[in-house]
Amino acid sequence: MTNLPFFTKDQDAFIPTDAARGPWDPNSLHGRVIIGLLAFAIEQRHGADDFVPARLTVDMFRLPTLAPIEVKTRLVRDGLRIKVVEADFFSGGVAMARASCQLLRKTENPQGNVWSPPNWEVPAPSDIPAPTDPRLGMNGKWTTRPITGAMGTVGPRRLWMSEVRDLVEGAALTPFVRVAVAADFASPFANAGDQGLGFINSDVTLYLYRLPVTEWIGFEVVNHHATSGVAIGECWLHDEQGAIGTSTVAALAQRNPMANPGQRDVMPPKP
């Protein structure tokens with residue numbers, strides 16, 4: 001990719017570029033790059049071809065600035081069939097987020113048939129015109145191909161998303177990092193209403209039964225519920241060959257809802 005990456009490297013530190021800025025504060029990071037960088041470090045240090053990163057949970061409890069980033073990882077369990085990794089995200093030396101990842105070894109499915117939902121039947125990204133509104137890609141952070149509905153509309157919502165820049169300079173996007181960077185989009189896509197985006201997610205949990213094999217990630221809203229200012233939102237995730245997993249978020253009500261949810265996807269100022 002030729003677009004400016006989200007991070008450059010200076011020895012062990014990750015240096016945010018202008019592309020990593022978030023929508024809430026020009027001197028803060030976008031949530032998607034926090035999730036992506038934690039996934040990047042976990043995969044680089046502990047991943048293996050015969051393991052699937054079946055679950056990644058990221059807690060985002062502070063708003064990082066554009067200070068140099070350090071990610072520390074710890075191998076909690078290194079078993080024959082399961083690995084568990086923890087990672088901490090430090091901005092300017094202060095802990096801002098943390099992740100837990102469970103990696104499962106590939107093997108054969110057991111005998112027998114188990115019911116699964118039917119695969120979605122939607123146009124391929126190449127058959128959908130590119131949107132003319134730059135806000136749908138947050139002015140160049142990603143690109144989309146809308147399928148059905150939109151944030152804030154009543155009814156089903158589906159779209160394709162693809163990255164337009166690398167996460168870390170000199171490191172091509174892997175399938176795991178690609179879907180991890182995108183996963184945060186489940187928050188605005190599932191939680192935006194007819195009055196705008198009134199919920200801000202504090203975490204993301206990504207479940208994968210396989211990694212994507214194409215550049216496009218499909219999002220399909222399947223759940224949103226909220227009471228007393230606490231919400232959950234969930235999207236099924238797809239690639240061009242079928243379902244790959246889910247992205248689920250927990251969220252808090254925001255005092256000043258964003259009227260145009262197409263302009264952001266996560267990471268408000270933290271309380």
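The values are calculated or read from the model by the stated rules, or taken from the named source; none is laboratory data. This one's a predicted model, so the numbers in the text were calculated from it and none came from an experiment. Positions of Cβ are backbone-derived with ideal geometry, glycine not excepted, and every protein chain shown enters the neighbour counts.
As an exercise: evaluate ASP10 against (1) under 19 Å from GLY93 (Cβ atoms); (2) touching a strand residue (DSSP E or B) at 6+ places or on another chain (Cβ under 9 Å) and give the number of the one condition it does not meet.
(2)
Which one of these does GLU215 not meet: (1) touching a residue at least 24 places away in the same chain (Cβ under 8 Å); (2) closer than 23 Å to ALA97 by Cα?
Here GLU215 clears every test but (2).
Which strands (runs of 3 or more DSSP E) does region 137-256 wholly contain that include 2 or more residues that are at pLDDT below 95? So that I can check it myself, show each step before the final result.
Working: elements: 142-148, 158-163, 197-201, 203-208, 217-227, 230-239.
The strands (runs of 3 or more DSSP E) meeting that bar are 142-148, 197-201.
Where the second residue is basic (Lys, Arg) and at pLDDT below 95 and the first is within 21 Å of ALA41 (Cβ to Cβ) and lies in region 181-210, which pairs have Cβ atoms under 7 Å and are six or more apart or on separate chains?
VAL181/ARG32; ASP184/ARG32
Name, by its number, the condition in (1) among the basic types (Lys, Arg); (2) touching a strand residue (DSSP E or B) at 6+ places or on another chain (Cβ under 7 Å); (3) crowded, with 17+ Cβ neighbours inside 10 Å that does not hold for ARG210.
If we test ARG210 against (1) among the basic types (Lys, Arg); (2) touching a strand residue (DSSP E or B) at 6+ places or on another chain (Cβ under 7 Å); (3) crowded, with 17+ Cβ neighbours inside 10 Å, just (3) comes out false.
Restricting attention to region 116-132, report how many residues are among the small types (Gly, Ala, Ser) and within 20 Å of ALA150 (Cβ to Cβ). Give the derivation first.
Narrowing region 116-132 to residues among the small types (Gly, Ala, Ser): 116, 124, 126, 130.
Of the ones still in play, those that are also within 20 Å of ALA150 (Cβ to Cβ) are 124, 130.
Qualifying residue count, region 116-132: 2.
Scanning region 1-23 for residues that are in a loop (DSSP other than H, G, I, E, B) and within 13 Å of ARG165 (Cβ to Cβ), which turns out farthest from the chain's Cα centre (by Cα)? Before the answer, list the steps.
The first filter runs over region 1-23 and keeps only residues in a loop (DSSP other than H, G, I, E, B), leaving 1-6, 11-12, 17, 22-23.
Checking the rest, the ones that are also within 13 Å of ARG165 (Cβ to Cβ) come to 1-6, 17.
On the way: MET1: 19, THR2: 22, ASN3: 19, LEU4: 19, PRO5: 16, PHE6: 14, THR17: 19 Å.
Here the residue is THR2.
Can you work out which of the residues in region 116-138 that are small (Gly, Ala, Ser) and surrounded by 10 or more Cβ atoms within 10 Å (Cβ to Cβ) is nearest to GLY22 (Cα to Cα)?
Applying the filter and picking the extreme gives GLY137.
Which of the strands (runs of 3 or more DSSP E) found entirely inside region 50-115 contain at least 1 residues meeting this: without any contact (Cβ under 8 Å) to a residue 24 or more places away in the chain and buried (at least 16 other Cβ atoms within 10 Å of the Cβ)? Outline the logic, then answer.
Details: elements: 51-60, 69-78, 82-91, 94-105.
In region 50-115, the matching strands (runs of 3 or more DSSP E) lie at 82-91.
Would you point out the residue of region 221-256, among those that are over 14 Å from the mean Cα position of the chain (by Cα) and of a type in the set (D, E, K, R), that is farthest from SER162 (Cα to Cα)?
Here the answer is ARG255.
So which of GLY47, GLY31 ends up being within 21 Å of VAL181 (Cβ to Cβ), under 19 Å from the mean Cα position of the chain (by Cα) and at pLDDT below 95?
Details: GLY47 fails: at pLDDT below 95.
That would be GLY31, the only listed residue that is within 21 Å of VAL181 (Cβ to Cβ), under 19 Å from the mean Cα position of the chain (by Cα) and at pLDDT below 95.
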